[in-house]
1. Please go through the stretch B:174-202 and pick out each residue that is more than 9 Å from chain A (Cβ to nearest Cβ) and of a type in the set (K, R).
2. Looking at A:F135 and the list (1) out of contact with any Pro (no Cβ under 9 Å at 6 or more places or on another chain); (2) more than 10 Å from chain B (Cβ to nearest Cβ); (3) not in a loop (DSSP other than H, G, I, E, B), which single condition is not satisfied?
3. Among the candidates A:R123, A:R98, A:R116, which residue alone is more than 14 Å from chain B (Cβ to nearest Cβ), closer than 27 Å to A:K179 by Cα and either out of contact with any helix residue (DSSP H, G or I) (no Cβ under 6 Å at 6 or more places or on another chain) or surrounded by fewer than 19 Cβ atoms within 10 Å (Cβ to Cβ) (or both)?
4. Check off (1) among the acidic types (D, E); (2) more than 13 Å from chain B (Cβ to nearest Cβ); (3) more than 23 Å from B:L202 (Cα to Cα) for A:D145 and give me the number that stays unchecked.
5. Tell me yes or no: at least one residue of the stretch A:82-92 is part of a helix (DSSP H, G or I), within 14 Å of chain B (Cβ to nearest Cβ) and within 16 Å of the chain's Cα centre (by Cα).
6. I'm trying to understand the selection: among the residues of the stretch B:69-83, which are buried (at least 21 other Cβ atoms within 10 Å of the Cβ) and touching a Lys or Arg at 6+ places or on another chain (Cβ under 8 Å)?
7. Is it true that some residue in the stretch A:56-67 is surrounded by fewer than 22 Cβ atoms within 10 Å (Cβ to Cβ), among the β-branched types (V, I, T) and farther than 27 Å from A:I150 by Cα?
2 protein chains.
Amino acid sequence: MTTTDHRPSAPAEGLRARRRRQTRADLHAATLRLVRELGFAKVTVEMISTEVGVSPRTFFNYFPSKEAALFALPGALPAPLADRFAEGPGRDTDAVLRDLGDVLADHLQEAAPSPRELEDILRIAEGVPSVLATFLAQCEAVERDLAGVIALRTGTPADGADAELLAGLAMATVRSGLKRWSQQSDHSAGPAASVRGAFTALRALFGRAAVQ
Amino acid sequence: MTTTDHRPSAPAEGLRARRRRQTRADLHAATLRLVRELGFAKVTVEMISTEVGVSPRTFFNYFPSKEAALFALPGALPAPLADRFAEGPGRDTDAVLRDLGDVLADHLQEAAPSPRELEDILRIAEGVPSVLATFLAQCEAVERDLAGVIALRTGTPADGADAELLAGLAMATVRSGLKRWSQQSDHSAGPAASVRGAFTALRALFGRAAVQ
């Protein structure tokens, strides 16, 4: 979602990025609050924007629809993280997964919804086809984007089977980490440690295979 | 879907299994035909059953709902395949993935919808929340079931992180293979070869990592 960020200078970007993140979080929180209160069908982009004190035009700078604002899923890797990963050392699978786990954990630390919130949203989604369709489309877009970044790192075609497969594995590993996180009794720490743990488990699975 | 099959004797099972498979395919085809013709909401289980010449009770032996009959996704591994896999030699990740790729390819060869059909069904799903929800629930159930079979093979807990992670990887790899298959110009051969290829690619990705 924040791939449109470019960096004129490092400190300026830090401030602007933080403000953008806050507005995005406010729009998402307002959407969730209004949908809980009024039901999904009754909530409009105008209402959400008014609640946060921005124009509908600003709303659409952050989300393409109220469906998207409801999920506010972590989108594509922001440019600084994507660059850090693409320019990292090593093209072998283990190095790629190690660094991918790092940047995805950092990214999710910022953006992942809490387990309770996610449960809430998924319950809403069950009754509203456009919400569920948006959710699936977003997951697909994130995975496609990830395949592109992986291809940059490994020097392979973006639509190549290997980059796509690695992106699919990474998404499965993130899901596994988020699931472990949601099963913990205390979620205050954020999901980063669980996601990192899942990537470590993945690499260990294959490391063990290599030595046996 | 066919885990209820038990084996009194090998030849009898072959016949019964084949008949079951045919009835299942007929019910699915009739559901798809009726939904295309009348729209999802107007189609009933009674109509589908009549079309195939079975009772609604028989319908429910195959599918829990018309949503499920519309997808007729390959379900859990049938008992003979699950046993073959669980009892196979080697608990290391590479051996597990090799054999998992084999049984999943065999399973999908029987049961996977054609790319055109899948596209059709997904278009229907976009307009009907219960269809999309059924689809996601089925994918989850298959993955959970797979984790159980993997745990049997590796001697780890069924709800353990490793078995779940491997199941997630296997699903991602199957998806990658099906995607490649759907992009081919000729689908007459079925998806087995593409799914096998995706598992080979997965193992190669990690094999390369191990030697670098």
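1. Within the stretch B:174-202, B:R196 is the sole residue that qualifies.
2. Tallying (1) out of contact with any Pro (no Cβ under 9 Å at 6 or more places or on another chain); (2) more than 10 Å from chain B (Cβ to nearest Cβ); (3) not in a loop (DSSP other than H, G, I, E, B), A:F135 fails exactly one: (2).
3. After applying the criteria, what remains is A:R116.
4. For A:D145, the failing item is (3).
5. No.
6. B:A72
7. Checked the stretch A:56-67: at least one residue is surrounded by fewer than 22 Cβ atoms within 10 Å (Cβ to Cβ), among the β-branched types (V, I, T) and farther than 27 Å from A:I150 by Cα.
Rundown of residues vs (1) basic (K, R); (2) surrounded by 17 or more Cβ atoms within 10 Å (Cβ to Cβ), yes/no style:
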{"residue": "A:E140", "(1), (2)": "no, no"}
{"residue": "A:R144", "(1), (2)": "yes, no"}
{"residue": "A:A151", "(1), (2)": "no, yes"}
{"residue": "A:A163", "(1), (2)": "no, yes"}
{"residue": "A:S176", "(1), (2)": "no, yes"}
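The values are calculated or read from the model by the stated rules, or taken from the named source; none is laboratory data. Just so we're clear, the structure is a prediction, and the values are computed from it rather than from any experiment. Because the Cβ atoms are built from the backbone with ideal geometry, glycine has one as well, and the counts that use them run over all protein chains shown.
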